Amino acid sequence: MGSEFATSVAVRIRGKPLDDILARAAQNLFDRIDGPMAIRLVIQPIIGTILAPRDGIKDASRHDPPYGLSLLLEPEHRGHRLRDGWRSIRKVFFVALGVDVVYQLVQLRWVYLGEALIIAQIVALVPYFLIRGPVNRITRMLRR
């Protein structure tokens, strides 16, 4: 009886089962890898990778702790650190978002904002966050 109830109360968004929406989103996300405009999946992470060392070196000169570590371990400074990171990366994020929206309009003839936000985060923010902290540590070690 429990499984019958669960299947009859399936989550629906605008009349479509959530499973269908998630399956479409996953398919659309993986189709971006080798589809048209795939070069953006290389160029945009490179831009985030270029900005991260600049900010990591600034952090080291201000004697700030590594970026990701400070976000996790210093809640009193988290807001300031997030604003600082956002100020540095927001242009790249919005360019990534805009390019993905254009891709969707050309390829899918529709805009799925959730998918565009996921792609923008992956191609712009992830490389930035992964590189900024280690650059800070390396710079501090070299300056000793």
Extreme residue, farthest from residue 112 (Cα to Cα), among residues of region 52-98 that are among the hydroxyl-bearing types (Ser, Thr, Tyr) and either buried (at least 17 other Cβ atoms within 10 Å of the Cβ) or within 19 Å of the chain's Cα centre (by Cα) (or both): 70
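Can you tell me which residue within region 99-113, out of those that are of a type in the set (Phe, Trp, Tyr) and out of contact with any Pro (no Cβ under 9 Å at 6 or more places or on another chain), is nearest to residue 30 (Cα to Cα)?
112
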Residue within region 100-123 that is surrounded by fewer than 17 Cβ atoms within 10 Å (Cβ to Cβ), aromatic (Phe, Trp, Tyr) and in a helix (DSSP H, G or I) present: no
Leading residue by the ranking (nearest to residue 133 (Cα to Cα)) among those in region 67-101 that are aliphatic (A, V, I, L, M) and touching a residue at least 40 places away in the same chain (Cβ under 8 Å): 69
Selection status of residue 38, more than 15 Å from the chain's Cα centre (by Cα) and assigned to a helix (DSSP H, G or I): no
Residue that is modelled with the highest pLDDT, among those in region 18-35 that are surrounded by 13 or more Cβ atoms within 10 Å (Cβ to Cβ) and not in a helix (DSSP H, G or I): 32
Residues of region 86-144 classified as of a type in the set (A, V, I, L, M) and more than 17 Å from residue 35 (Cβ to Cβ), total: 15
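The values are calculated or read from the model by the stated rules, or taken from the named source; none is laboratory data. Treat the numbers as computed from the prediction; the structure is a model and nothing was measured. Glycine gets a Cβ as well: all are built from the backbone with ideal geometry, and neighbour counts include every protein chain shown.
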